[in-house]
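Undergrad: Mind having a look at this structure? Questions to follow.
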Amino acid sequence: MYEHALKRMTVTEGFEVLIDRERLKKRVSELAAEISADYQNRRPLLVVVLKGSFIFAADLVRELDIEHVIDFIAIGSYGSAQRSSGAVRLLKDLNHNIEGQDVIIVEDIVDSGLTLGYIYASFQARRPNTLEIVALLDKSWNGDSDLNIKYKGFEIPDRFVIGYGLDLDEQYRGLPFIAYPKENEESL
Ligand code: 5GP
């Protein structure tokens, strides 16, 4: 069902493109269709994890054809280390009380799964009616993360990516595709 090996790559203006805008658009529509079908008449609360998920979330909600509510949380920055430290700081909490709500966490990318694991556990403690995850990219599929990602865009190789909301030191979030950084910047 998911693409395990995304090997088709092209070089666009110095970026090695992993997933181009057409494939992103198609997959985001498919995820929105799945969510819309599953949440008919339920009005889920979509929790967008800032900052990286903002473009994915903006595209996703515009493809939903069900009523929904949006909230945002912000967590500690990834910095320039290109690896999650696992230490998650909650910089901005929800504005909504999620008790009894159908909650969907909207995440850009799962690497070790530590960030989502932390968010998931802290939300679970607030007693939502249901709690699911939609993640555009998953690098954890080959590891031992026990997160249950119900809606998943693409399984990708374990390599640092930028674009479509994802940054490298706050740059490149506006790229309309997912790409590997240029050789010289990747080693930062
Ligand atoms: P995890 O806690 O799953 O190891 O890391 C998840 C977070 O690390 C993501 O929300 C994202 O902020 C950041 N991250 C993980 N992999 C990448 C990547 O390839 N590119 C970018 N820009 N951020 C990443």
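Undergrad: Residues K51, K7: which one is surrounded by 18 or more Cβ atoms within 10 Å (Cβ to Cβ) and modelled with pLDDT under 95? Talk me through it step by step, then tell me what you get.
TA: Values: K7 fails: surrounded by 18 or more Cβ atoms within 10 Å (Cβ to Cβ).
Only one candidate qualifies: K51.
Undergrad: Select from segment 110-154 the residues that are away from the ligand (no atom under 11 Å from the Cβ), open to solvent by less than 20 Å² (accessible area, probe 1.4 Å), of a type outside the set (A, V, I, L, M) and within 23 Å of E30 (Cβ to Cβ) and list them in ascending order.
TA: Y151, G153, F154
Undergrad: Select from segment 35-48 the residues that are surrounded by 13 or more Cβ atoms within 10 Å (Cβ to Cβ) and either under 14 Å from the mean Cα position of the chain (by Cα) or touching a residue at least 24 places away in the same chain (Cβ under 8 Å) (or both) and list them in ascending order. Quick ask: steps written out before the conclusion?
TA: So in segment 35-48, the residues surrounded by 13 or more Cβ atoms within 10 Å (Cβ to Cβ) come out as 35-36, 38-39, 42, 44-48.
Residues satisfying the conditions are I35, S36, Y39, R42, P44, L45, L46, V47, V48.
Undergrad: Which one of these does I98 not meet: (1) farther than 16 Å from F72 by Cα; (2) hydrophobic (A, V, I, L, M, F, W, C); (3) at pLDDT 95 or above?
TA: (1)
Undergrad: Answer yes or no as to whether I104 is in a loop (DSSP other than H, G, I, E, B) and open to solvent by less than 30 Å² (accessible area, probe 1.4 Å).
TA: On the way: in a loop (DSSP other than H, G, I, E, B): no; open to solvent by less than 30 Å² (accessible area, probe 1.4 Å): yes.
It is false that I104 is in a loop (DSSP other than H, G, I, E, B) and open to solvent by less than 30 Å² (accessible area, probe 1.4 Å).
Undergrad: Do the conditions hold for S85, that is, is it part of a helix (DSSP H, G or I), among the polar types (S, T, N, Q) and either modelled with pLDDT under 95 or more than 18 Å from the chain's Cα centre (by Cα) (or both)? Write out each step before concluding.
TA: Values: part of a helix (DSSP H, G or I): no; among the polar types (S, T, N, Q): yes; either modelled with pLDDT under 95 or more than 18 Å from the chain's Cα centre (by Cα) (or both): yes.
The answer is no for S85.
The values are calculated or read from the model by the stated rules, or taken from the named source; none is laboratory data. Remember, it's a predicted structure, so these values are computed and weren't measured experimentally. Methodologically, a virtual Cβ is constructed for each residue, glycine included, from the backbone with ideal geometry; neighbour enumeration extends over all protein chains shown. SASA here: full protein model, heavy atoms, side chains in, ligands and nucleic acids out. Shrake-Rupley method; radii C 1.70, N 1.55, O 1.52, S 1.80 Å.
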